[in-house]
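Undergrad: Okay, here's the structure, questions in a sec.
The values are calculated or read from the model by the stated rules, or taken from the named source; none is laboratory data. Quick caveat, the model's predicted, so the values are computed rather than measured. Because the Cβ atoms are built from the backbone with ideal geometry, glycine has one as well, and the counts that use them run over all protein chains shown.
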């Protein structure tokens, strides 16, 4: 046999051994490779699912981020608008400040002018106050003098009225005495008595009290309608020939009467037993 043929035979035998080894290795590795491939596919599917889920989450996050970004951009635009408004307000306030400063200068100038005017007016007012004070003092003196004269006139009027009432009481007593004794009347008085039929009524105060409603002083007398006493009649109250006061009759019964006492603003008391006189016709 030729050497080349031997070489090819040996080479073929070696290749057969190698091919067998490779076949064994291939068959051994094929299962592992298939299992790895299937495992890789499973991992790839899981990775794809995870990636899809992650993409979904990323999309949600992106949407939230975009919404937040849009909101922030809107707020930023609003802040820009506010800033623009603030700048306009600032410009306006600066202009108003300048106007106020100019007005302040003008006001200060007017205040200085008014200060001078007020100072002048203060001196005038002071002189007027002094004059008014003098006039007021003089007026007060006149008023005080007038009050004193009025009080004096009132006192004199009261004294005159008391004197007239005292004279009236004395005349009534005199008339009563003349009527009682009948001999001392003059012809004129006698003619008057005959023509007018005058009758003198004498009574006594029996009780003095205060009216609980009005607080006025009331007096009761022991004469009434039988003695020709009538409501509204004015009687004279006297004591030992001196005038005490007036009694204006308020109510009348047959033998008694009650009236209001007027002492003509004098500090004198009406007492039970005081004489009450009146001349009736």
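Undergrad: Would you mention how many residues in the stretch 237-269 are part of a loop (DSSP other than H, G, I, E, B) and either at pLDDT 90 or above or surrounded by 20 or more Cβ atoms within 10 Å (Cβ to Cβ) (or both)?
TA: Number satisfying all stated conditions: 4.
Undergrad: Now, a different point. Can you go through 48, 23, 40 and tell me which one is assigned to a helix (DSSP H, G or I) and at pLDDT below 75?
TA: 23
Undergrad: Let me confirm something: among 156, 177, which residue is surrounded by 11 or more Cβ atoms within 10 Å (Cβ to Cβ), modelled with pLDDT under 85 and out of contact with any strand residue (DSSP E or B) (no Cβ under 6 Å at 6 or more places or on another chain)?
TA: Testing whether each residue is surrounded by 11 or more Cβ atoms within 10 Å (Cβ to Cβ), modelled with pLDDT under 85 and out of contact with any strand residue (DSSP E or B) (no Cβ under 6 Å at 6 or more places or on another chain) leaves just 177.
Undergrad: Check whether at least one residue in the stretch 163-170 is at pLDDT below 90 and crowded, with 18+ Cβ neighbours inside 10 Å, and report yes or no.
TA: yes
Undergrad: Of all residues in the stretch 246-272, which are at positive phi and in contact with a strand residue (DSSP E or B) (Cβ under 6 Å, 6 or more places away or on another chain)?
TA: If the condition is that a residue be at positive phi and in contact with a strand residue (DSSP E or B) (Cβ under 6 Å, 6 or more places away or on another chain), then no residue fits.
Undergrad: Can you pull out every residue in the stretch 222-248 that is closer than 22 Å to residue 167 by Cβ and within 53 Å of the chain's Cα centre (by Cα)?
TA: Passing the criteria: 245, 246, 247, 248.
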